[in-house]
Amino acid sequence: MAAFRRHCELAAYEHAEDKVEATEESLLRTLTFAPSPASSTQPHTNPGYAKTLLLRLPSSPTDPADTPSAIAGMAMYFNNYSTWRSKPGVYLEDLY
């Protein structure tokens, strides 16, 4: 799963590999992938706690139609609520 690999790469960059408790299976259970035109190339969608946006590189005219383009970036976020401000917000968990 591309999101899990990026999650692990980010942990390595932060020198925190030992802090990663997530698995591919636990991420698939708890994430929801935002709809995209290439939805057939994304993991199944289920309601999760966090939303995931994947930024893909443009496809090349020579790429087979069923081959997903490479992932250039990823953002994981979830809605939150500030009791101090009495306002909803968005918390950006990971940005790759």
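Derivation of every value follows stated rules applied to the coordinates shown; laboratory data play no part. Note that this is a predicted model, so its numbers are computed, not measured. Cβ sites come from the backbone with ideal geometry, for glycine too, and all protein chains shown count toward neighbours.
Between exposed GluC sites (Glu not before Pro) in the chain, where DSSP calls loop and at most 14 other Cβ atoms lie within 10 Å, what's the longest gap? All intermediate terms of the calculation are to be shown ahead of the outcome.
Values: sites that count: Glu14, Glu21.
Between the exposed loop sites, the longest stretch runs 22-96.
Expected output is a single nm value to one decimal: the length gained when fully extending between Asn80 and Ala34, i.e. 0.36 nm times separation in residues minus the C-alpha distance. What is it? Before the final figure, lay out each step's value.
Values: separation 46, 0.36 × 46 = 16.56 nm, distance 1.77 nm.
That pair, Asn80 and Ala34, stretches by 14.8 nm at full extension.
Net charge near Tyr96, counting Lys/Arg +1 and Asp/Glu -1 over other residues with Cβ under 14 Å of its Cβ? Intermediate values should be presented prior to the final figure.
Numbers: positive: Arg5, Arg6, Arg56; negative: Glu9, Glu14, Glu93, Asp94.
Here the charged neighbours net out to -1.
Roughly how many debye, to the nearest 20, is the charge dipole of the chain about its Cα centre, given +1 on each Lys and Arg Cβ, -1 on each Asp and Glu Cβ, and no other charges?
Details: 8 positive and 11 negative charges, 104 e Å.
That gives a dipole near 500 debye.
Could you work out how far helix 2-13 tilts from the main Cα principal axis of the chain, as a 0 to 90 degree angle to the nearest 10?
In the chain, helix 2-13 runs at an angle near 60 degrees to the longest axis.
What is the pair-distance distribution P(r) of the chain, computed from all Cα-Cα distances in 5 Å bins starting at 0, with each bin given as a whole percent?
Per 5 Å bin, starting at 0, the Cα pair percentages come out as 3, 11, 20, 22, 18, 13, 9, 4, 1, 1, 0.
Just need the relative contact order of the chain here, percent rounded to a whole number, with Cα pairs under 8 Å and 6+ apart. All intermediate terms of the calculation are to be shown ahead of the outcome.
Values: 126 pairs, mean separation 20.2, N = 96.
This gives 21 percent for the chain.
Tell me which residues come under 5 Å, amide H to amide H, from Met74 once H is placed; ignore anything under 5 positions away on its chain.
Here the answer is Leu55, Tyr96, since their amide H atoms fall under 5 Å of that of Met74.
Quick one: length gained pulling Lys19 to Tyr49 fully straight, 0.36 nm per residue minus the C-alpha distance?
Working: separation 30, 0.36 × 30 = 10.80 nm, distance 1.97 nm.
Length difference between fully extended and current span is 8.8 nm.
Add +1 for every Lys or Arg and -1 for every Asp or Glu among the other residues with Cβ under 14 Å from the Cβ of Tyr49, and state the total.
0
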